[in-house]
Amino acid sequence: MRFADFARYCERLEAMSGRLEMIELVSEMLSTLSDDELPVVVRFIMGKIFPDWSPLKLGIGPNLLYEAVGYVVGKKKEAVIQEINRSGDAGRAIEHLVANKEQTSFFTQELDTADVYREFEHIAQIEGKRSQREKLLAVRKLFANTSPHEARYLARLMLEELRIGVGEGNVRDAVAKAFKVSPELVEHAFQAINDLGEVARLAKQGEGALGIVHIELFRPVKMMLAQQGTIADMVRDHGAVAAEFKYDGSRFQFHKRGTTCRLYSRKLEDVTSALPDVIRRLAAATDHDVILDGEVIAVKDGMPRPFQFVLRRFRRKYEVASYIEEIELVPHVFDILYLDGRMLIDLPFAERRKNLETALRAYIAPQLQGDDVGALEGFYQKALDEGHEGIMIKDLSSRYSPGVRGKNWVKIKPEVDTLDLAVIGAEWGEGRRAHFFGSYLLACLDQGLLLPVGKVATGISDEALAELHDLFKEMVISEAGKEVTFEPSIVFEVGYSELQKSPNYESGFALRFPRFVRVRADKGIDEIDTLEGIKKRFNQKPSSGEP
Ligand code: AMP
């Protein structure tokens, strides 16, 4: 397909708003393409150059592109930028500049989509000291051969801003329509091989070819994602479910064949060289060829460290060894997509879990299975107490859906909602915390009165516990058994997952999963949240379905 024709399709699609109309036109375009052109044009039309799993990246920033265009049209880069700012659309601005260029080239050669793709591949592979210069020359060459109209779409494609509104969903349906195959099969093949371009080529051969696609090692699969939800809803909808800690780290996908291992990030970048320690750990824990899905967290003295520590290790190119010493990373594996030549994504989660348990000797994320909401809530509390973000609840019968943010995995974590409440008492702690106030009694304000609304113990580190104890010991008014009453003067900011009606506290409300956030030294007792405000929040919140 000539690039000029591709540009014309882009223009027609850009002017369309109806989804069906778009699918019709894309499918018409696809049916004109050869086997070799299909993968390229399918990706181009979605504004992509390489498959998502591919390590190839074009690596052309706007600056380099504007400089190359400037050279071709006989202007300085600054003049190109000025024109773009004036028009607000880089594609149209570059089209205008190419249309008005001072010198016309005599040897323009017609561009073909396959040539353009080959040139992109070449650009992506340029490395070394003079790479910027070489890339600049290659981009100049491309633009020297384009018509103004082609330049509009070539520039947008290279900037990854095609902006014609054709997404994966539309292309999937257009592929199905063009080659008369089922959209579900197209989607399934796409999930396995993570490249709609290649899927289109197979679809052209028919459903037989599509049906036998298989996940391949070292071609990362999109990660399955989660929605927000509640424990009670999941149990109601699915019966017995699986609960796992929600680790606050970075997602990874581990591929291993024999002694070759690679690790990919959530964005499917290859992060193998930054994380050799994680790879060593995982490789030592299995004798199989696998693709594993998990989260890696930073730990110190057995406790998770904040997510920022993991970030310092990911994508690190230099000083990898010293960072390994400084920040210990531990993987937690919660899924398996491939085992010794078998693709497992279509198995129910319960089956995948069994495979995981036979394939891996260590680092498997602990799980609680069951339909007892109380036990699952206990697990949630345990996760928070151990410093994790919350829990994930997973449908045991669901398949692994790459790239899908569905209802089969839901995350339960404390919401960001917080209240500022007065601390009016406490209870002595137990065990390790016996010499400190363990949980603090909180109150809201109601017409001058302080009414209890709950207790908070979670979220207070050992250090904070000691500091708070020092702060509050001066304020004790009375003690009865384990209970202590304070002179109210300190305000806590407290996070919670939900407000509940409750007969246990005089305010008539209780906080679900309260979590200490901080002391509000800047607030006085008369500035805390009121009962009226709490009632308002309670009434505004849609019922979450929790009992
Ligand atoms: P969020 O990023 O808030 O949408 O939550 C989903 C993310 O939680 C996933 O992409 C993982 O990176 C992470 N996560 C942590 N623990 C788990 C787990 N046990 N199962 C699945 N995802 C997890």
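For this structure, a couple of remarks:
- Around LEU30: net Lys/Arg minus Asp/Glu count, Cβ-Cβ under 9 Å: +1
- For segment 300-333, GluC sites (Glu not before Pro) meeting the loop criterion (DSSP other than H, G, I, E, B) and having at most 11 other Cβ atoms within 10 Å: GLU319.
- Cα-based shape type of the chain, given that a ≥ b ≥ c are square roots of the gyration tensor eigenvalues and the cut on a/c is 1.5: prolate
- Applying both filters, DSSP loop and at most 13 other Cβ atoms within 10 Å, to the GluC sites (Glu not before Pro) of segment 45-148 gives GLU102, GLU110, GLU127.
- Accessible surface, 1.4 Å probe, highest first, among residues LYS48, LYS536: LYS536, LYS48
- Integer Hz, Karplus 6.51/-1.76/1.60 couplings in order for segment 4-18, x for Gly and Pro: 4, 5, 4, 4, 5, 4, 4, 5, 5, 5, 4, 7, 8, 10, x
- Expressed as a whole percent, the accessible area of segment 3-60 that falls on carbon and sulfur atoms is 52 (1.4 Å probe).
- Label point at VAL373 placed 7 Å out along Cα→Cβ; residues across segment 488-516 whose backbone nitrogen lies under 20 Å: 496-505, 509-514
- Tensor-based shape of segment 405-503 (alpha-carbon gyration tensor, a/c under 1.5 rounded, otherwise prolate or oblate): oblate
- 13 Å beta-carbon shell around ILE490, net charge (K/R +1, D/E -1): -4
- Filter on LYS57/LYS180; LYS48/LYS256; LYS354/LYS407 - keep pairs with C-alpha separation over 31 Å: LYS57/LYS180
- Using θ = phi - 60° in the Karplus curve 6.51 cos²θ - 1.76 cosθ + 1.60, the 3J(HN,Hα) couplings for segment 398-413 round to 8, 7, 7, 9, x, x, 9, 9, x, 8, 7, 10, 10, 9, 10, 8 Hz; x is entered for Gly and Pro.
- Between helix 131-144 and the chain there is an angle of about 50 degrees, using the helix long axis and the longest principal axis of the Cα atoms.
- The label point for ALA466 and the one for GLU78, both projected 7 Å from the Cα toward the Cβ, are 6.0 nm apart.
- Stretching the chain fully between GLN228 and ASP526 yields a gain of 103.8 nm (0.36 nm per residue, less the alpha carbon separation).
- Where THR358, THR418, THR259 fall by accessible area, highest first, once all protein chains stay in place (1.4 Å): THR259, THR358, THR418
- Neighbourhood charge, 10 Å Cβ-Cβ cut-off, centred on LEU347 and excluding it, Lys, Arg +1 and Asp, Glu -1: +3
- Length-normalised contact order of segment 323-449 in % [C-alpha pairs under 8 Å, at least 6 apart]: 17
- Stretch gain in nm, segment ARG361-ASP346, where the contour uses 0.36 nm per residue and the Cα spacing is subtracted: 3.1 nm
- Of interest is the spacing of the C-alpha centroids, which for segment 196-250 and segment 309-340 amounts to 23 Å.
- Residue-span extension gain [ALA321 to ARG280] - 0.36 nm each, minus C-alpha spacing: 13.4 nm
- For segment 302-413, the square roots a ≥ b ≥ c of the C-alpha gyration tensor eigenvalues yield an a/c of 1.5 or more together with a/b not exceeding b/c, which makes the shape oblate.
- Solvent exposure of the chain as accessible area per residue, Å², 1.4 Å probe: 47
- Separation between Cα centres of segment 1-34 and segment 270-301, rounded to whole Å: 43
- Heavy-atom accessible surface of segment 374-520: percent carbon and sulfur, 1.4 Å: 50
- Virtual paramagnetic centre 7 Å along Cα→Cβ of ASP287, amide N under 17 Å, in segment 232-264: 257-260
The values are calculated or read from the model by the stated rules, or taken from the named source; none is laboratory data. As the structure is a computational prediction, the values presented were derived from the model and not from experiment. Counting neighbours? That spans all protein chains shown, and the Cβs are built from the backbone with ideal geometry, glycine included. Keep in mind that these areas ignore ligands, DNA and RNA; they rest on the heavy atoms of the full protein, side chains included. Shrake-Rupley method; radii C 1.70, N 1.55, O 1.52, S 1.80 Å.
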